[in-house]
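Below is one structure; the comments refer to it alone.
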Amino acid sequence: MDVTRSKPTDDFRVRQLRAQQMLRGHLEDDDLQEYVEQRLLLTKFEDAQNWARRNALWPLGFGLACCAIEMITVIGSPRNDLSRFGAEVIRFSPRQADMLILSGRVSIKMAPIIRRIYDQMLEPKWVISMGACASSAGMFNNYALVAGADKFLPIDVYVPGCPPRPEALMYGIMKLQDKITSDPNLGWRERYQSQGTEEYPGLDGPEAEPSSQGAGQDAPRRSKDAGLDAPRR
Amino acid sequence: MDATGLEMMAQRVREAVADDAVVGTHHAYDSASLEVAPARVHDVLTHLRDGDEQPYGILASLHGCDYLPSEPRLGVHYELLSMQSRERLNVKTRVTVEEPHVPTVTDLFPTANFHEREVYDFFGVVFDGHPDMRRILMPEDYEGHPQRRDFPMGGEPVLFTFNEHKLPRWYD
């Protein structure tokens, strides 16, 4: 993150006395301005926003297959301590989660369910494909599986392995953090039509339309889909 | 059940159900199996559950099989278990791909409900009289029966260095 900060006075005693003077109202004009400038962090709003997002990645508690056990080990165990990266709070509701970890093989029967869960997650949202099966069907090269979850989901980070080591998954999360910080543009997801797909329970009519950037192209698709409309009422 | 007991069982089934009910017997590795005409499956299992002097009260498993290239291709296996005599008996039947019809045994063994749906899902054997003949594992709009041996393997070719020349224009 790009941060500029004017250099404060080194001596602790001097800084303490100036703080006392400021609190008593004895600092004025240039002295007051210098005091305030020394205590400010200046950065861009987007940088601060992305800094907050990368350090509070809440994963969705969603396991598909054997990699889910490894994912639970990474997220839930104090040995790996994922709270160092702010990603230890597992949420079992897609509305409260930021990150979907595809842990395991994706069968063609499960794929629409995964896509709907992804659609229900609120922006911004990210997906990690964990393991060989979610990335490319792995050893299961057969009739039942989707060979690569990126056929229906925009995936941000692929973690190889069968299953990946905990260090590998943590490294993938750190890569995702770098991606959030350095390249937060989500425009490439438009070809998945995955923006503005949130479902709003209890609301109906035109005011329920989300105001995000992808709403225009997705609005006809959602209004036609009676299956998504039905549970709202 | 030993081979002698299997033959005696086959004879009792012939006398109780019909002469053409039992097509053959097979005994290997302490496993006895009774080959049955597909139209007589329900009658034979009714006799084995209720009428026989050594009743088999539990249907331990029901599964399908594809015997390609021999004909008739499809097979349905019923694994019966007797808790009284602690013995097992396989009942097998064979049907063709063109006429894959077997009477259901759901009324005899309720556990056969899901098993028959699975056999229908993967092998395409239709169980006549089944209360809910739908797919159970594959998606409902899936085409084909994927465990048949002539079903294509599926999946996608993975590019390695050893098969790079076998995948023409993979770089497109």
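Numbers for the structure displayed
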item: For segment A:118-127, Karplus couplings with θ = phi - 60° (6.51, -1.76, 1.60), whole Hz, Gly/Pro x; result: 4, 5, 6, 5, 7, 5, x, 9, 9, 10
item: Å² per residue, accessible surface of segment A:141-202 at 1.4 Å; result: 46
item: For segment A:40-47, Karplus couplings with θ = phi - 60° (6.51, -1.76, 1.60), whole Hz, Gly/Pro x; result: 10, 9, 10, 7, 7, 5, 5, 5
item: Minimum 30 Å² accessible area buried by the other protein chains, segment A:143-163 residues, probe 1.4 Å, relative to alone; result: A:143
item: Rg/Rh for the protein assembly as shown, where both radii come from Cα atoms and Rh is the Kirkwood radius; result: 1.20
item: Residue-averaged beta-carbon neighbours from other chains (10 angstrom radius) around B:134-142; result: 2
item: Accessible area per residue in Å² at 1.4 Å probe, computed on segment B:1-137; result: 48
item: Average other protein chain Cβ within 10 Å of Cβ, residues B:147-155; result: 3
item: Relative contact order computed over segment B:1-154 (Cα-Cα under 8 Å; 6+ residues apart), in percent; result: 18
item: Computed over segment A:26-153, Kirkwood Rh from alpha-carbon pairs, angstrom; result: 16.9
item: Amide proton proximity set for residue B:58, modelled H, under 5 Å, gap of 5+; result: B:81, B:83
item: Percent accessible area from carbon and sulfur atoms, the protein assembly as shown, protein chains only, probe 1.4 Å; result: 54
item: Complex-versus-alone comparison for segment A:104-142, residues with a loss of 10 Å² or more in accessible area, probe 1.4 Å; result: A:108, A:109, A:141, A:142
item: Coordinate range along principal axes, alpha carbons of chain B, Å, largest first; result: 69, 36, 29
item: Between helix B:112-123 and chain B: long-axis angle, C-alpha atoms, 0 to 90°, nearest 10; result: 40
item: Coil-residue chymotrypsin sites (Phe, Trp or Tyr not before Pro) of segment A:49-151, DSSP, other Cβ within 10 Å capped at 14; result: A:92
item: Chains A and B together, accessible area buried on both sides, 1.4 angstrom probe, square angstrom; result: 900
item: 3J(HN,Hα) from dihedral phi, segment A:97-102, Karplus parametrisation 6.51/-1.76/1.60, rounded to Hz, x for glycine, proline; result: 9, 10, 9, 10, 9, 7
item: Over segment A:29-117, relative contact order from alpha-carbon pairs under 8 Å, at least 6 apart, %; result: 33
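The values are calculated or read from the model by the stated rules, or taken from the named source; none is laboratory data. Remember, it's a predicted structure, so these values are computed and weren't measured experimentally. Note that we place each Cβ from the backbone using ideal geometry, even for glycine, and neighbour counts take in every protein chain shown. These accessible areas exclude ligands, DNA and RNA; they are computed on the full protein's heavy atoms, side chains included. Shrake-Rupley method; radii C 1.70, N 1.55, O 1.52, S 1.80 Å.
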